[in-house]
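Scroll down for the structure; my scribbles are underneath it.
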Amino acid sequence: MSYSKQHLSEAAEIVSNLDPALCEKAVELLAAVRARGGRLFILGVGGSAANASHAVNDFRKLTGIESYAPTDNVSELTARTNDDGWRSVFAEWLKGSRLSEKDAVLVLSVGGGSLEKNVSPNLITALQLAKLRGSAVLGIVGRDGGYTAQVADVAIVIPTVNAANITPHTEAFQAVVWHLWISHPTLKIGETKWESMK
């Protein structure tokens, strides 16, 4: 089998193992955030940071949910990292944004954070703050979902079908899942360009 066929076969297997009921639960949670005038803060690092930026656009434009990603402001991100350290960078940004019980935090991450392995401690401290403030927590994560899956109200864990491809599949399927959410009739209020053209 060619690698291309293998990769696409793995993707098909992942699709067949995603839980539609969890996706529906996430949509209901996001609709409730919008209804109460809450905001959505999307956290990610590396490729997931780029996904967070894309997702912010989609949630703002297509669902009318006020959304932000701290990684979109490189000046503040690097100042906080330089002055205070990587561990606290997202939590302090969320404090500055007055994170509250009306809001939600969405984590996009391959591992979801691990206290034991000191991986993505910035996500963990942000989630600890979110839980303390009573904010809703969602995640689209890979592998076992790490800390995010442990504390999230809804965590979509992208199934591992090949241990050698956890990162590419997780980052690709983050987009599949959030595009499902923003296309869902419960959330979608804006038209996408190509679908609106006759």
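The values are calculated or read from the model by the stated rules, or taken from the named source; none is laboratory data. Just so it is clear, the model here is predicted, and its values are computed rather than measured. Note: ideal-geometry Cβ built from the backbone for every residue, glycine included; neighbour counts use all protein chains shown. For the accessible areas, the whole protein counts, side chains as well, though only heavy atoms, and no ligand, DNA or RNA atoms are used. Shrake-Rupley method; radii C 1.70, N 1.55, O 1.52, S 1.80 Å.
Summary table
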quantity	calculated
Filtered residues of region 69-88 (kept if among the small types (Gly, Ala, Ser) and exposed (fewer than 12 other Cβ atoms within 10 Å of the Cβ))	75
Members of region 175-198 that are buried (at least 17 other Cβ atoms within 10 Å of the Cβ) and not in a helix (DSSP H, G or I)	184, 187
Residues of region 61-93 satisfying the condition of being part of a helix (DSSP H, G or I), of a type in the set (A, V, I, L, M) and either in contact with a Pro (Cβ under 7 Å, 6 or more places away or on another chain) or under 21 Å from residue 138 (Cβ atoms) (or both)	62, 77, 89, 91
Single match in 152, 172 (criterion: within 21 Å of residue 11 (Cβ to Cβ), out of contact with any helix residue (DSSP H, G or I) (no Cβ under 6 Å at 6 or more places or on another chain), in contact (Cβ under 8 Å) with a residue 12 or more places away in the chain and open to solvent by 10 Å² or more (accessible area, probe 1.4 Å))	172
Pairs where the first residue, in region 119-130, is within 15 Å of residue 153 (Cα to Cα) and the second is in a helix (DSSP H, G or I) and polar (S, T, N, Q), C-beta under 7 Å, 6+ apart	127/148
Leading residue by the ranking (nearest to residue 25 (Cα to Cα)) among those in region 94-106 that are basic (Lys, Arg) and assigned to a loop (DSSP other than H, G, I, E, B)	102
Residues of region 126-168 that turn out to be small (Gly, Ala, Ser) and in a helix (DSSP H, G or I), as a count	6
Some residue of region 107-115 being assigned to a helix (DSSP H, G or I) and open to solvent by 20 Å² or more (accessible area, probe 1.4 Å)	no
Subset of region 136-147 (residues that are free of Cβ contacts under 8 Å to residues at least 40 places away in the same chain and either within 26 Å of residue 31 (Cβ to Cβ) or of a type outside the set (Lys, Arg) (or both))	137, 139, 140, 141, 142, 144, 145, 146, 147
Subset of region 20-50 that is more than 13 Å from residue 180 (Cβ to Cβ) and of a type in the set (Val, Ile, Thr) - its residue that is surrounded by the fewest Cβ atoms within 10 Å (Cβ to Cβ)	45
